[in-house]
Amino acid sequence: MFSGKNSKWILAVLWLIAFMSAFALDQPLAQHIHDHPPVDKRAHATHMILETVKLPGWFWTTLCIAFLLGIFHRRHWLAAIALTLSGIAAGALYSLLKWITGRHRPDHGIHPLQLHPFSQGFPGLWREKALCFPSGHASLAFASAACLAILLPRWRGAFYAIATITCVERILENAHYLSDVIAGIGLGTIVGVVVTRLVLKVRDNDFPLAREDAG
């Protein structure tokens with residue numbers, strides 16, 4: 001059996017392999033989805049499903065879950081703060097990285113290797129809406145999943161599964177390249193784990209991560 005520390009290194013290596021491999025798949029996968037759309041966004045029912053699947057990648061969803069944690073989790077406001085700060089940190093980092101890399105979405109033209117760093121200058125940090133690396137939805141969804149997996153470890157599998165579904169939707173909608181999503185997964189997971197552990201240590205430096213919330 002692998003120890004917890006070894007498992008983390010193995011997951012990190014697997015993520016790195018997936019991330020590097022994704023660059024070879026970015027263009028053919030995006031082109032295939034463009035030529036053969038797997039979903040019809042014009043259909044009302046499909047549109048509603050897609051919007052629902054994207055909810056874990058919206059910060060308002062994060063705030064709603066944080067509110068529920070504040071009421072029902074045994075750590076109350078501390079748990080709510082951990083999730084909220086995880087979302088804020090992930091949002092700030094992916095926004096900055098998008099602006100720095102300047103890669104545009106595949107639905108604006110499939111050119112994964114064309115980068116426009118610091119697009120539109122400093123105002124582009126909030127004005128440029130077509131940037132895609134890394135995926136914001138993937139970053140926020142996995143930051144939330146990583147945080148919730150620590151706060152409610154019994155449900156960690158469900159949290160990560162939901163976040164993964166959000167990531168798949170972003171690819172199928174051709175809003176992101178595969179590498180955008182994998183980058184967002186890595187960014188969000190690291191942010192969620194680090195921020196949550198730091199917040200929890202404010203009150204208890206020896207917080208037992210493996211102990212399940214009895215409430």
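Applying 0.36 nm per residue to the separation of residue 40 and residue 61 and subtracting their alpha-carbon distance, the gain on full extension is 5.1 nm. For the range 1-102, chymotrypsin sites (Phe, Trp or Tyr not before Pro) are listed when DSSP marks them as loop and at most 16 other Cβ atoms sit within 10 Å of their Cβ; the list is 2.
Based on protein heavy atoms only, the chain ends up with 56 Å² per residue of surface accessible to a 1.4 Å probe.
Using a/c under 1.5 as the rounded threshold, could you call the chain rounded, prolate or oblate? The axes a ≥ b ≥ c are square roots of the C-alpha gyration tensor eigenvalues, and prolate needs a/b larger than b/c, oblate otherwise. Taking the square roots of the gyration eigenvalues as a ≥ b ≥ c, the chain is prolate. Determine the shape class of the range 81-207: with a ≥ b ≥ c the square roots of the Cα gyration tensor eigenvalues, call it rounded for a/c under 1.5, and otherwise prolate if a/b is greater than b/c, oblate otherwise. Taking the square roots of the gyration eigenvalues as a ≥ b ≥ c, the range 81-207 is oblate. Spatial offset of the range 33-90 relative to the range 109-130 amounts to 25 Å, using the alpha carbon center of each. Under 27 Å of direct C-alpha separation, and excluding same-chain neighbours fewer than eight residues apart, residue 129 reaches these lysines: 41, 54, 98. Quick one: go through the range 89-104 and flag any residue whose amide nitrogen is under 13 Å from the point 7 Å out along the Cα-to-Cβ line of residue 194. So the set is 89-94. Sorting the Cα pairs of the range 25-146 by distance into bins of 5 Å, from 0 upward, gives 2, 11, 15, 16, 18, 16, 11, 6, 4, 1 percent per bin.
The residue 111 and residue 21 beta-carbon pair, evaluated with R₀ = 25 Å, returns a calculated FRET efficiency of approximately 0.80. Rounded, prolate or oblate: which fits the range 1-88 when a ≥ b ≥ c are the square roots of the eigenvalues of the alpha-carbon gyration tensor, with rounded for a/c under 1.5 and prolate only if a/b beats b/c? Oblate. Dividing the summed -39500 (n - 2.57) terms of all DSSP H runs of n ≥ 4 by the residue count of the chain sets its mean residue ellipticity at 222 nm at -22000 deg cm²/dmol.
The values are calculated or read from the model by the stated rules, or taken from the named source; none is laboratory data. Note that the coordinates shown come from a computational prediction; the quantities given were computed from them, not determined experimentally. Note that we place each Cβ from the backbone using ideal geometry, even for glycine, and neighbour counts take in every protein chain shown. Heads up: the accessible areas ignore ligands, DNA and RNA and are worked out on the full protein's heavy atoms, side chains in. Shrake-Rupley method; radii C 1.70, N 1.55, O 1.52, S 1.80 Å.
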